[in-house]
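Nothing in this text is a laboratory measurement; each read-out follows from the coordinates by a stated rule. All values derive from a computational prediction rather than experimental measurement. For neighbour counting, all protein chains shown are included, and Cβ atoms are generated from backbone atoms with ideal geometry for every residue, glycine included.
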Amino acid sequence: MPSHSASRILLIERSLLEHRPLSRFQSIFQVRTGLLSEWERIRLKNPASSILYYHPDPAIESIFAKRLGATALQTLPPEDALFLSSTNRGNPESEIRHLSQQAGIEVITSSGLSLFRLLDEIDDRIQSDLAILRNSLSERGASVTDIENARWSWLTESQESRPHWTVLGNPGNLIVHPGSTILPGVVLDVRSGPIVLDEGVQVSPFSYLEGPLYAAAGCRLDNVKIGGGCILGRECRLGGEIENSLFGDFSN
């Protein structure tokens, strides 16, 4: 993770084989790999840094940079220290060697984002993201106004347990948004990892949820058995039996 000292952060994205199923229509830096995407982690930990984005395809770079709110690297003028000459473009080793030599720049490449390892790291990622968010909220205190922080302010609120929930394990590992709905007969098993249920999550009776699990805003879980190790994107609707899975937004 980049340090707070970098005034500019450059994201370099490669069209890696393992990323292609998820990066055809969005940057791999935007894929949720915990409570957050790598992009959100970078923004929260480096609020004062300017972000640049590079993709070997200039057209894709322009589209993805706009979605990230970043500056497309290949649009920089020749006088900029990060300007890439034509001899450096498209050659990963040459590009990184050239850019990493510039002062005040932190280079982050997509090569460090392994989706193959992700399912083994979900517990650690959820715990790490909770720490990042709580630290960010604590640093900004009551003056939180930006979307990235205000969106997560509920994490600092006290948790209210309900008598019709069955919680297995340490109740402190269960974090439920006050705007979520968990109906009677639901079992929440946090013995193997935390469960975080975001705003608007609905869980029907007789569902069994095992951590580590994060369900993003608007998820609907209907009579489902989740065996742990899952990240669920926004507005997912799931039933049946699942485990060790990563679901993108609006999966059904």
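The Cα-based radius of gyration of the stretch 8-113, divided by its Kirkwood radius, gives an Rg/Rh of 0.93. Distance between the 7 Å Cα→Cβ label points at Arg117 and Ser86: 3.8 nm.
Charge dipole (Cα centre; +1 on Lys/Arg Cβ, -1 on Asp/Glu Cβ; no other charges) of the chain amounts to roughly 200 debye. Taking 25 °C and 0.890 mPa s as conditions, the stretch 120-247 diffuses translationally at an estimated 167 µm²/s according to Stokes-Einstein applied to its Kirkwood radius (Cα pairs). Within the shell of other residues whose beta carbon sits under 11 angstrom from the beta carbon of Gly169, the net charge comes to -1, with Lys and Arg scored +1 and Asp and Glu -1. Annotation for Ser50 and Gln159: the two label points, set 7 Å from Cα along the Cα-Cβ direction, are 4.2 nm apart.
The stretch between Ala131 and Arg191 holds 19.7 nm of extra length on full extension. This uses 0.36 nm per residue minus the Cα-Cα distance.
For the chain, what D do you get in µm² per second when you plug the Kirkwood radius from alpha-carbon pairs into Stokes-Einstein at 37 °C and 0.692 mPa s? Provide the component values of the computation, followed by the final result.
Numbers: Rh = 19.6 Å.
Calculated translational D: 168 µm²/s.
Legend: ranking of residues Phe247, Phe206, Phe25 from fewest to most surrounding C-beta atoms inside 10 Å; resulting order Phe25, Phe206, Phe247. Using only Cα atoms, locate the centre of the stretch 30-66 and the centre of the stretch 186-252, then give the distance between them in Å, rounded to an integer. That distance is 26 Å.
Name the helices (complete DSSP H segments) of the chain with a Cα length along the long axis of 24 Å or more and a Kyte-Doolittle mean of at least -1.0, or state none.
Working: long enough: 115-140 (35 Å, -0.29).
Once both thresholds are applied, what remains is 115-140.
Between the beta carbons of Asn170 and Gln30, assuming R0 = 25 Å, the FRET efficiency works out to 0.20 to the nearest 0.05. Kirkwood-type hydrodynamic radius, the stretch 172-213: 10.2 Å, calculated from all non-identical alpha-carbon pairs. When DSSP beta bridges are restricted to pairs lying wholly in the stretch 8-113, around 10% turn out antiparallel. Among residues other than Ser27 with Cβ under 10 Å from its Cβ, the summed charge is -2 (Lys and Arg +1, Asp and Glu -1). Here each label is just a point 7 Å from Cα along the line to Cβ, and for Ser138 and Gln102 those points are 3.5 nm apart.
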